[in-house]
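Structure, as structure tokens:
The values are calculated or read from the model by the stated rules, or taken from the named source; none is laboratory data. Nothing here was measured: the structure is a model prediction, and the numbers come from that model. Glycine also receives a Cβ, built like all others from the backbone with ideal geometry; neighbour counts cover every protein chain displayed. These accessible areas exclude ligands, DNA and RNA; they are computed on the full protein's heavy atoms, side chains included. Shrake-Rupley method; radii C 1.70, N 1.55, O 1.52, S 1.80 Å.
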Amino acid sequence: MKFNLKEITENLSGLAIAAVLSGGATYWFCSSEYEQELQEAYAKIARLQEAEHNALVTKRISEQMEDIAFEQKTLSDRQRARAEEQSRIADIERGKAEMERGLALKAERAAIISAKQADSMRIVAETESERAVKHMKQAQMAQAHADTLFYISLARSLAQNSIVQLGSGERELATLLSYSGWYFNKSYGGDPYKQDLFTALLGTAPDAQNNVGHLLGSVRAMLLCNGSWGDEAFHANKNPDNIVKAMRPFIAVTDYGEIVKITPNAQDNGNSYTFTTLFSDNTRTFHAACMVKDDLYVLDTKGIIMHFERSRKKIKEPSTIILNKDDKQKKTKRLSFAIDDTWVHLKALDNGELVAAGNRNIVWTNPVNGNVTYTFVTEHNITALGTSDDMLLVFCDNGDIISFNDQHRNTPIHIQVPKEYKVTSYYYQSREQRHIAGVENGDIYIYDNNGKCLTTLIGHSGRITSIDMFDTFLVTSSYDKNVGIWNTSDITGLMTPIEISFKQWPLSFALDKPAQTLQVGLANGDIETVRISIEKNVESTRRNITREFTPQEWDYYIGNNVPFINFKQK
């Protein structure tokens, strides 16, 4: 409630005056009442004055409160205005931040796009670089291939010229041409087992192909000496300058009754040989022989097996195993006719037995006591014998192949050579389990154990007389007067042999695998040794270079576009 102090005061003043007047009148009538009323009036006035005073105080307080409230409102308005200003500033800042964030995002997206474009450009650049490198490599490979073809062709040309110079007697120049041909061929990864390269080295290495000696009959069998027979073998590792590594003695058997041991001479680096006659009787006709440990067995066409023992570096007098019809065989020094046949095949089996075969008869014998353990008669003539994984294979002229296990029982064999050709020689490659059969027309068939024909080697033009192997190389001899060396490392590829020619038919050969040397027996009784090691023939040729190419020779045979090489120092 709000009081009007001015109005209250006027009312009070009026009341006071009235009271005075009333009091005066009353005074006159009743002074005591008058006094009482006057006192009450004064008290009332005092109360009214106090109330007025309180009202004034209250008014002043109210006014002060109003002022404070107004000031509070003003302060609040200012604070609100400041808050609104700050809010506007915050909104502005937030807008700026949003704008900056948007700009940052935009910049980030632009950076990502730029990075992607940079990656794309880098990939394109790398692709182009790789393509350029690839083209450069292709160009380099093409150039290298062209260089390879050029130098390999040059090597073959040099080898051919070497052979021509050998024929004309110019051995000095032929040696230079042969070695330089090998050098270029090796430097550019050419196959060293090519006919012209091999023949050139064979001709220019002085000790690569030599005539060892001559016997009276045709050399039907050649055997390397085993065990104590090899005591006199020459080992070149005792002298580093020697080329021959380890040449073993060998046995030559002829159809003129000759059995001869031939030993390379250490004093002459294996270039000369000593002949030791073990047996000689021109009434004997030997066609086959085999070596079993320290024992030598030689088959006479009449059916007599002569047995030589080597003991204490002395060869004992031969005893004989006579293949009689009555199956009561024993060792004897008496030579006697055996079963009526012409005996030309002899094989040693893994179980210790010997097998001899004639035209139709086959006899198994125990070489210890000379007893015959089994006999068999074929329907058709026998053309060859072979052994394979404890089995004996008998090849007949009608194309049949009869096989026996070590209990003399017939067992099936899967290989089947074309029946129109007679198998004349057989070899079993045990590591790869391959059957290799040479036939009368010179072809060679290679089968796996399942009877699948893996390849046919065509190169000889006459009957195959003998087959052997070293490493991946197949060695074959033929009535075409050649020994062939075939690289069978790629059985599916086209194979052509290196041909080593002789003046007579090579009827048999002994392959000395460690020394990579062939000892070849010929139909006229000659015995020739051929070293088939490329490395040894190269070394021998290099040692015999006596001069360098003249500038004119270099330009003529090699060409002035090829830098000069001092081959004598290579």
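Descriptive notes on the structure:
- Considering the range 509-528, the residues that are open to solvent by 10 Å² or more (accessible area, probe 1.4 Å) and of a type in the set (S, T, N, Q) include one that is modelled with the highest pLDDT, namely Asn524.
- So Ala205, is it at pLDDT below 90, within 17 Å of Glu539 (Cβ to Cβ) and open to solvent by less than 10 Å² (accessible area, probe 1.4 Å): no
- All of Ser76, Ser157, Ser162 fail the test of being hydroxyl-bearing (Ser, Thr, Tyr), over 30 Å from Tyr193 (Cα atoms) and open to solvent by less than 100 Å² (accessible area, probe 1.4 Å), apart from Ser76.
- Of the residues making up the range 256-281, those that are part of a loop (DSSP other than H, G, I, E, B), in contact (Cβ under 8 Å) with a residue 24 or more places away in the chain and surrounded by fewer than 22 Cβ atoms within 10 Å (Cβ to Cβ) are Tyr256, Gly257, Asn265, Asn269, Asn271, Asp281.
- The range 282-302 residues that are touching a residue at least 40 places away in the same chain (Cβ under 8 Å), paired with ones that are open to solvent by 50 Å² or more (accessible area, probe 1.4 Å) and aromatic (Phe, Trp, Tyr) (beta carbon under 6 Å, 6 or more apart): Asn282/Tyr256; Lys302/Phe337
- Checked against (1) at pLDDT 80 or above; (2) open to solvent by 80 Å² or more (accessible area, probe 1.4 Å); (3) more than 30 Å from Tyr188 (Cβ to Cβ), Arg131 passes all but a single condition, namely (3).
- Restricting Asp448, Asp443, Asp490 to those that are of a type in the set (D, E, K, R) and at pLDDT 95 or above reduces the list to Asp443.
- Subset of the range 454-496 [under 30 Å from the mean Cα position of the chain (by Cα), farther than 25 Å from Asp512 by Cβ, open to solvent by 60 Å² or more (accessible area, probe 1.4 Å) and of a type outside the set (D, E, K, R)]: Ile458, Thr492, Leu494
- Pairs with Cβ under 9 Å, 6+ apart, first in the range 446-464 and among the aromatic types (Phe, Trp, Tyr), second open to solvent by less than 20 Å² (accessible area, probe 1.4 Å): Tyr447/Ile415; Tyr447/Val417; Tyr447/His435; Tyr447/Ile436; Tyr447/Ala437
- Listed here are the strands (runs of 3 or more DSSP E) enclosed by the range 353-472 that have at least 3 residues being closer than 22 Å to Thr496 by Cβ: 423-429, 434-439, 444-448, 453-457, 464-470.
- Residues in the range 546-570 that are open to solvent by 40 Å² or more (accessible area, probe 1.4 Å) and not in a loop (DSSP other than H, G, I, E, B) were compared, and the one that is nearest to Glu172 (Cα to Cα) is Lys568.
- Residue pairs meeting the criteria (Cβ under 7 Å; at least 6 apart or on separate chains; first closer than 22 Å to Val423 by Cβ, in the range 479-502; second open to solvent by 30 Å² or more (accessible area, probe 1.4 Å) and of a type in the set (A, V, I, L, M, F, W, C)): Tyr479/Trp505; Lys481/Trp505; Ile491/Leu454
- Verdict on Ala144 being among the hydrophobic types (A, V, I, L, M, F, W, C) and exposed (fewer than 12 other Cβ atoms within 10 Å of the Cβ): no
- Filter pass, Lys503 being surrounded by 20 or more Cβ atoms within 10 Å (Cβ to Cβ) and either on the phi > 0 side of the Ramachandran plot or at pLDDT 90 or above (or both): no
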